[in-house]
Every structure is written in structure tokens, then in C-alpha cells.
Amino acid sequence: MTHVVGIGGTLREGSSSERLVRATLDRCVARGASAQMFDGPFLAQLPHYDPAAPVRGAAERDLVEAVRAADALVIASPGYHGGISGLVKNAIDLLEELARDARPYFDGRPVGLIVSAAGWQATGVTLTALRGVVHAMRGWPTPLGIAVNSVEQRPFDGSGALADPAIAAQIDMLAAQLVAPVGALARA
């Protein structure tokens, strides 16, 4: 069974970036995968990444071990001032702990990327930055990256359900790109 790990959100529980990751994970589960989420409130408890720290805390170990065991990942960030949020970037920096693994970083795994920001410029720049990070960490960004302009688009209705049909279709496509390639990679 494909295991997909989701990372994303803000300090605000239930942020749009967090809910977009959760919606993607739900679609992955519907395709037969298992899923695990590391949301903004979880990420907020991680200390600033210190590569020289001799010991990692429980939350740090949980995230590193989950990514180590993942077959695919989905990462979402709000676009803050033209870049990845510090909260999400700190979590990604912690994954330096995977550098010396037999399968380092994101090696051989599809990584779906989502950005939610107040404007198209911020979504595009942040999505490009996330793609660069995934490439640097030997991952394969999925062909589809999702950019949500929170000024013009409302992905969720008042009850929190995914309501925008175009965004729902993108999430379905992203889930397919996360789950389907894993079997193909295993056969390669």
C-alpha cells in the first residue's frame, strides 16, 4: 500500500493550505493509499532546525521517520512575501536528517506541491521555490502543482467542504500523480 505524508499549514488550525493537503490526502486514501498529516499546529512545536543538535525531540523524530517511510509526499505552504513560510521551511530543513539514508531526502518519490496565497504572483513564486527545494532534495515534483489565489478563489464552503469544482479536479489529479507513479517506480 502506498503511504503518503502531508506537510503543511500555518499557525492557524484549519488554514486553507492545511485543508488543501488534507483534501489531497483524502483523495489518495480513496485511491487505496494510507496517509499521515503534519499540520501547522504540529509544525509549530518543532524547534528551529539546528544541524549540530546532538538529540532530536519526539516531534522531530516523528516527522523524520514518517518521511523516511513515505512513498510519496504532498507539501503545502502559504505564500508569504514571495516565499515559503518559515513554518514549512523549518520542517523541510529538518529533513536534512535523511541526507545519509540509503534513500536520501525525497529520492525516488513523487512530491505534490500546493500554494495558497493572496495573489497570483505570490502563488507562482512560492510554487517555483517549493519545486526548487524538492529538486535539491532529489524528489520528483509532480507535473501538477496547485496554486490557489485566496483573493479570487474560495476552495471551501462555509462548512469547510471542498466546494470549488476546478480546485477539486486539480486535487483529484494531484492525488493520482502521487499514488499511481509509486507502482511504476517500484517496477522500474
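The values are calculated or read from the model by the stated rules, or taken from the named source; none is laboratory data. Treat the numbers as computed from the prediction; the structure is a model and nothing was measured. With ideal geometry, Cβ positions are generated from the backbone for all residues, glycine too; neighbour counts draw on all protein chains shown. To get the accessible areas, we keep the full protein, side chains included, count just its heavy atoms, and leave off ligands, DNA and RNA. Shrake-Rupley method; radii C 1.70, N 1.55, O 1.52, S 1.80 Å.
Selection of region 67-95 for residues being open to solvent by less than 10 Å² (accessible area, probe 1.4 Å), of a type in the set (A, V, I, L, M, F, W, C) and touching a residue at least 60 places away in the same chain (Cβ under 8 Å) yields V67, A70, A72, L73, V74, I75, A76, V88, A91, I92. Residues that are in a helix (DSSP H, G or I) and of a type in the set (G, A, S) within region 25-61 comprise A30, G40, A44, A58, A59, listed in sequence order. The lone criterion from (1) of a type outside the set (F, W, Y); (2) farther than 24 Å from S159 by Cβ; (3) open to solvent by 10 Å² or more (accessible area, probe 1.4 Å); (4) assigned to a helix (DSSP H, G or I) left unmet by R22 is number (2). Quick check, is V88 touching a strand residue (DSSP E or B) at 6+ places or on another chain (Cβ under 8 Å), in a helix (DSSP H, G or I) and modelled with pLDDT of 95 or more? Criteria met by V88. Of all residues in region 44-63 being closer than 18 Å to Y105 by Cβ and either among the aromatic types (F, W, Y) or modelled with pLDDT of 95 or more (or both), which is most open to solvent (accessible area, probe 1.4 Å)? The qualifying residue most open to solvent (accessible area, probe 1.4 Å) is R61. Within region 104-148, take every residue that is part of a helix (DSSP H, G or I) and polar (S, T, N, Q) and give me the one that is most open to solvent (accessible area, probe 1.4 Å). Applying the filter and picking the extreme gives Q121. When residues in region 64-78 are screened for being over 13 Å from V111 (Cα atoms) and either out of contact with any helix residue (DSSP H, G or I) (no Cβ under 7 Å at 6 or more places or on another chain) or at pLDDT below 95 (or both), 4 of them pass.
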